[in-house]
Every structure is written in structure tokens, then in C-alpha cells.
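Reading through the C-alpha cells given below for one structure.
Please treat every number below as a calculation from the coordinates, not as lab data. Quick caveat, the model's predicted, so the values are computed rather than measured. Cβ placement follows ideal geometry from the backbone for every residue including glycine, while neighbour counts extend to all protein chains displayed.
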Amino acid sequence: MKGLLKNFTYLIICEKTKKAAIIDPAYAGKKLKCKLKRITAYLKQNDYNLEYIINTHRHYDHVNGNEFIQSNTNAEIISYNSGLRENDLIEFGEIRLKVIETPGHTADGICLYCDKNIFTGDTLFVGDSGATVSKDSDRQKLGASLRKLMTSCPPDTIVWAGHDLGKTKTTTLGYEQTHNVNSEEYRLKGM
Ligand SMILES: [Zn+2]
């Protein structure tokens, strides 16, 4: 689902246990808030139990749907700022999302890994990487974070980015190693 600034919001469901989590609920204006209402209605209709609202970082366009989703589900809001750290596992049903700390776009950035899928927030996009224009941005750290992703996850890991900015909706870590516009600057090639 797309929201403000072409944000992606991801809903992850364990079909077996009906437990679920949402990543970066975002909206812009009334019309898009309706899309969050569709998500909460969908959860209710299917008896899905939303346990977590996970934020990849604190930027407004990734967190502004938190309260709306929480008031409709009582899910817990979690992020780096609530205490998530490297290698923590977020568990709901049979799904385990592993936390990878990826500072650079902001100091509080995290990515979430599960079974060759990675949710990258604004750390990595299809063809590009996050801007480093916030007060706590750090390009060197962003480069180190991207190299960490490339070395700690398999190359065929599917990337689910925080914004719909690329030619395709998804990509893989291996593809981005050589094709990302910043792969040279961040020394991603040949890793
Ligand atoms: Zn951001």
C-alpha cells in the first residue's frame, strides 16, 4: 500500500496463527487514511490479530499512521527508539523478523530480515539508497550499513523498500550490489 511520498506500508501475517505485524503505517490526507481504515477492516474481517506496529525509523512519513492503527488494534509500537537492537527477534506466530541496525539515513534506522526477505525502510531503495540530509544522517555509516546488509544476507534476498521510487516494486540485494547508483561510492561491488 502506498501513502505519503509514495511510502510503502507492509502487512505481514502468520496465516497459521492469525497473528500479524505492520511495518511503517503511513498516510497523507483523508483519502489515504481510508487506506489505513481498509487495513484495519481487513484485519477484523479475517480475525487477524495485529501484535506489532514496527517503524524502520522515526521520520514522520513512516510513523504518522501509528496512532490510527494502534487505536484500532492495540498493537504495540516498536522501533530502535523503543529499544530494538541488533539481532533482536520480533516474533508473532511462526514469523520471526530479525533486527539489523542500519544507521546512516538516520541514526535510528533498522532493517528487518526474514527468510530471504528484507524490509529496508529508507536505508535501501530499488536502484538508490536513502538521502543523508537529516541532522543525524551520516553517509559513511550508511555505506557501512549497506555493506553489512550485503555481507550478512544472501544475495537473492528480496528487498522491500520504504518508498516506491524505483523502476520495479522490489529488487534483490545481489542486484543492488552492482546496479545501485551508489554502489561505487559505498563500495558494494565485488563483496
Ligand atoms: Zn526517512
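Listed values, structure above:
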read-out	value
Percent antiparallel among DSSP beta bridges (both partners in region 4-179, rounded to 5)	60 percent
Ala41-Asn81 pseudo-label distance in nm [points 7 Å out on the Cα-to-Cβ vector]	3.1 nm
Dipole-positive endmost among Thr157, Gly190, Ile23 within the chain (Cβ charges, Cα centre)	Ile23
Loop trypsin sites (Lys or Arg not before Pro), region 54-117 (other Cβ atoms within 10 Å of the site Cβ: 15 or fewer; DSSP)	Arg85, Lys116
Neighbour-limited loop hits for GluC sites (Glu not before Pro), region 162-191 (at most 14 other Cβ within 10 Å; DSSP other than H, G, I, E, B)	Glu184, Glu185
Within region 19-117, GluC sites (Glu not before Pro) in DSSP loop having at most 10 other beta-carbon neighbours inside 10 Å	Glu94
Global form of region 98-191, assessed from the alpha-carbon gyration tensor, a/c cut-off 1.5	rounded
Within a Gaussian network of the chain (alpha carbon springs, distance under 10 Å), most fluctuating of Ile12, Ile22, Ile118	Ile12
Neighbourhood charge, 12 Å Cβ-Cβ cut-off, centred on Arg96 and excluding it, Lys, Arg +1 and Asp, Glu -1	-2
Length gained when the stretch Lys16-Asn74 is fully extended (0.36 nm per residue, less Cα-Cα span)	18.8 nm
Unit charges on C-beta of K, R, D, E only; dipole of the chain, Debye	580 debye
Simple spin-label estimate for Leu165 and Cys34 in nanometres, 7 Å along Cα-Cβ	2.9 nm
Global geometry of region 4-179, whether rounded, prolate or oblate, following the gyration tensor of its Cα atoms and the 1.5 cut on a/c	prolate
Value of relative contact order over the chain, rounded to a whole percent, pairs C-alpha under 8 Å and six or more apart	17 percent
Where labels lie 7 Å past Cα in the beta-carbon direction, separation of His179 and Lys6 in nm	1.6 nm
Cross-link reach list, aspartates and glutamates versus Lys33, counting only Cα pairs under 13 Å and skipping chain neighbours closer than eight places	Asp61, Glu67
Amide N proximity, region 129-171 versus Lys189 label position 7 Å along Cα-to-Cβ, cut-off under 20 Å	129-130, 140, 143-151, 155-156
Cross-link reach list, lysines versus Lys116, counting only Cα pairs under 22 Å and skipping chain neighbours closer than eight places	Lys16, Lys18, Lys19, Lys98, Lys148, Lys167, Lys169, Lys189
